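The values are calculated or read from the model by the stated rules, or taken from the named source; none is laboratory data. Fair warning: this is a prediction, and the values are worked out from it, not measured in the lab. We place every Cβ from the backbone using ideal geometry, glycine too, and count neighbours over all the protein chains shown.
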């Protein structure tokens, strides 16, 4: 027989009354009825963008925070791949390219996006794998490499999806961003 802990009246979720389980559930219904909770979106609908970002765990929160600061929370689909734009254009990752283009096509069709935002980052291991450690040995070399990759990415998006806007960014580990035109 499984162990069941006794109810603790000092615990807000166990105590009866407005803050007990039923009270919390009731508050959820009230908030939903009042429109305070963001309604769930259908899979198909109008969204702003697709975000392309890197798998590096150090970048998950900074990229999310940056998108939120831009007012895009809940307004984008996301494709995460090692190197972000590097993973889409670099020859060593050629086997991954088609997966990105198919996902972008799906986001265009289902989400009716009008732009793709590629966020590469500094100190990227995929850059070292694809182009060699010397290609990112100095901050200037690293910036030049990412600027070149951004140009290749823009050109490929224009070839596949000429109507999509493209933004290419380079994020530092502290969350600061350089935009490539």
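Conditions tested, residue by residue: (1) surrounded by 15 or more Cβ atoms within 10 Å (Cβ to Cβ); (2) modelled with pLDDT under 95; (3) touching a strand residue (DSSP E or B) at 6+ places or on another chain (Cβ under 7 Å); (4) within 22 Å of residue 58 (Cα to Cα).
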residue: 128; (1), (2), (3), (4): yes, no, no, yes
residue: 139; (1), (2), (3), (4): no, no, no, yes
residue: 152; (1), (2), (3), (4): yes, no, no, no
residue: 157; (1), (2), (3), (4): yes, no, yes, no
residue: 181; (1), (2), (3), (4): no, yes, no, no
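Residue-level check: of (1) more than 29 Å from the chain's Cα centre (by Cα); (2) at pLDDT 50 or above, residue 75 misses just (1).
Against the condition in the same structural domain as residue 107 (by TED's automatic domain parsing) and more than 16 Å from residue 100 (Cα to Cα), how does residue 128 come out, does it pass? When the stated conditions are applied, residue 128 passes them.
Could you tell me whether any residue of the range 90-105 is in the same structural domain as residue 174 (by TED's automatic domain parsing), free of Cβ contacts under 8 Å to residues at least 24 places away in the same chain and touching a strand residue (DSSP E or B) at 6+ places or on another chain (Cβ under 8 Å)? Within the range 90-105, not a single residue is in the same structural domain as residue 174 (by TED's automatic domain parsing), free of Cβ contacts under 8 Å to residues at least 24 places away in the same chain and touching a strand residue (DSSP E or B) at 6+ places or on another chain (Cβ under 8 Å).
Do the conditions hold for residue 105, that is, is it within 14 Å of residue 55 (Cβ to Cβ) and either within 16 Å of the chain's Cα centre (by Cα) or modelled with pLDDT of 95 or more (or both)? For residue 105, the condition - within 14 Å of residue 55 (Cβ to Cβ) and either within 16 Å of the chain's Cα centre (by Cα) or modelled with pLDDT of 95 or more (or both) - is not met.
Look at the range 147-176 and say how many of its residues are in a helix (DSSP H, G or I) and in contact (Cβ under 8 Å) with a residue 40 or more places away in the chain. I'd like the intermediate steps shown before the answer.
Just the residues of the range 147-176 that are in a helix (DSSP H, G or I), to begin with: 147-160.
Narrowing further to those that are in contact (Cβ under 8 Å) with a residue 40 or more places away in the chain: 149-150, 152-153, 156-157, 160.
Residues flagged as in a helix (DSSP H, G or I) and in contact (Cβ under 8 Å) with a residue 40 or more places away in the chain within the range 147-176 amount to 7.
Filtering the range 69-89 to residues that are part of a helix (DSSP H, G or I) and either surrounded by fewer than 13 Cβ atoms within 10 Å (Cβ to Cβ) or outside the structural domain of residue 145 (by TED's automatic domain parsing) (or both) leaves only 69.
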